[in-house]
């Protein structure tokens, strides 16, 4: 099971207005959905987006809340709350991960579903945005109970998912095993004649069960391609550079391992159990193996324990937040000493923190771009399932490199032309593509 990501910090409850805007966002804790809506509005103004398109995209198409019972190993019947938000399917089937975490809320799932819409449009992937999850700690139950919870939720979703309608994938707290259970449950709901044609109902499956080579590392690999393009753009030498990584699960660990082959040394890491420092550099492979075996970095003998504040003050060339949203607020943004932030997680930088980082001249490769390798390779998996094909890892990596490189350059060009930061550039490019389709197809009836 993928280890849970780092716990969010507590931000200020007031986010200042964006440049050129009088709007101030006031949130009780951290309203991720409102933050994403604010980015939508800023990008809309940059493009002079059609009002009807902005209105449609401001809310999800469907919001599902399902309370379902599961009989636990001790005989107790426990009620779980599950979500599936389907934001937009103009460009293709809804697509997005399933998150198992105690902090899952409807508004967070709405925000993540909207971000999937932008990612797919940005990457020219013919999917729309979706997201789901169950509000519980997957590490608090047995494997047998976890399977029951997954299968019962999949059954409860019923025809609200499907290979041509809505396609789940792994996210925080879920992995390829979770997807295998979901696929098997769904295949047993459609009848014997269709069992083999519905493998594409989920992506991120084990390779033996119809998954694709290269999918496990895809999000980290996509972020690496972005870092390589950034380094070329800035004339920066990756060989001999340093990095800090927050969150050492699927994304953060693969990012560190792949970059280590390019001479990048990871000198500080953190997750939900704490933070470790090794000025000489961690062995990323060994640390990845440790986390896969132990579930976290806790107890790893190759580093010295440091505080969260010390972690954010650790000087490095690259910082990769790969945990949960809202990790970089004003305090963290002032403490960070790096050249670039590559957002392996969704929404790790809040607007107040981002403003400080940009003022300080620290580059940000935004989540909508840096985090999109996962959904891109999920699309490749879905295509292989539809065609009954099996691609080599080299084929998958080559296609992903081409897609990520193109997207990085397009975002950079858009941001320069419109004089906006890269996040608004990525949103703007995605919105431009969605708007073109709405204007061509118009509104039914």
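None of the figures in this text is laboratory data; all of them are computed from the coordinates on show. Small disclaimer: the values here were computed from a predicted structure and weren't measured. Positions of Cβ are backbone-derived with ideal geometry, glycine not excepted, and every protein chain shown enters the neighbour counts.
Brief remarks follow.
- Temperature 4 °C, viscosity 1.567 mPa s: under these conditions the Stokes-Einstein estimate for the chain, based on its Kirkwood radius over C-alpha pairs, is 59 µm² per second.
- Distance between segment 166-202 and segment 278-314 - C-alpha centres, whole angstrom: 34
- Distance from the alpha carbon centroid of segment 315-349 to that of segment 350-411 works out to 18 angstrom.
- Helix-only CD estimate at 222 nm, as mean residue ellipticity for the chain, using -39500 (n - 2.57) per DSSP H run (n ≥ 4): -13500 deg cm²/dmol
- When each of 105, 178 is scored by the number of other beta-carbon atoms lying within 10 Å, the sequence from fewest to most is 105, 178.
- Pairs of Cα atoms nearer than 8 Å and 6+ residues apart set the relative contact order; for segment 60-208 it is 24 percent.
- Protection-proxy order for peptides 164-173, 378-387, each taking the mean of Cβ atoms within 10 Å per residue, highest first: 164-173, 378-387
- By the Stokes-Einstein formula, at 0.890 mPa s and 25 °C, segment 218-370 with its Kirkwood radius over alpha-carbon pairs has D equal to 164 µm²/s.
- Relative contact order %, the chain, counting alpha carbon pairs below 8 Å whose residues are six or more apart: 18
- Residues residue 293 and residue 237, FRET efficiency given R0 of 30 Å [Cβ-Cβ distance, rounded to 0.05]: 0.30
- Highest average first, the peptides 40-46, 343-349 ordered by how many other beta carbon atoms sit within 10 Å of their residues are 343-349, 40-46.
- The relative contact order of segment 291-445, computed from alpha carbon pairs under 8 Å that lie at least 6 residues apart in sequence, is 15 percent.
- The protection proxy used here, the mean number of other Cβ atoms lying within 10 Å of each residue, ranks peptides 289-300, 142-153, 223-234 as follows, highest first: 223-234, 142-153, 289-300.
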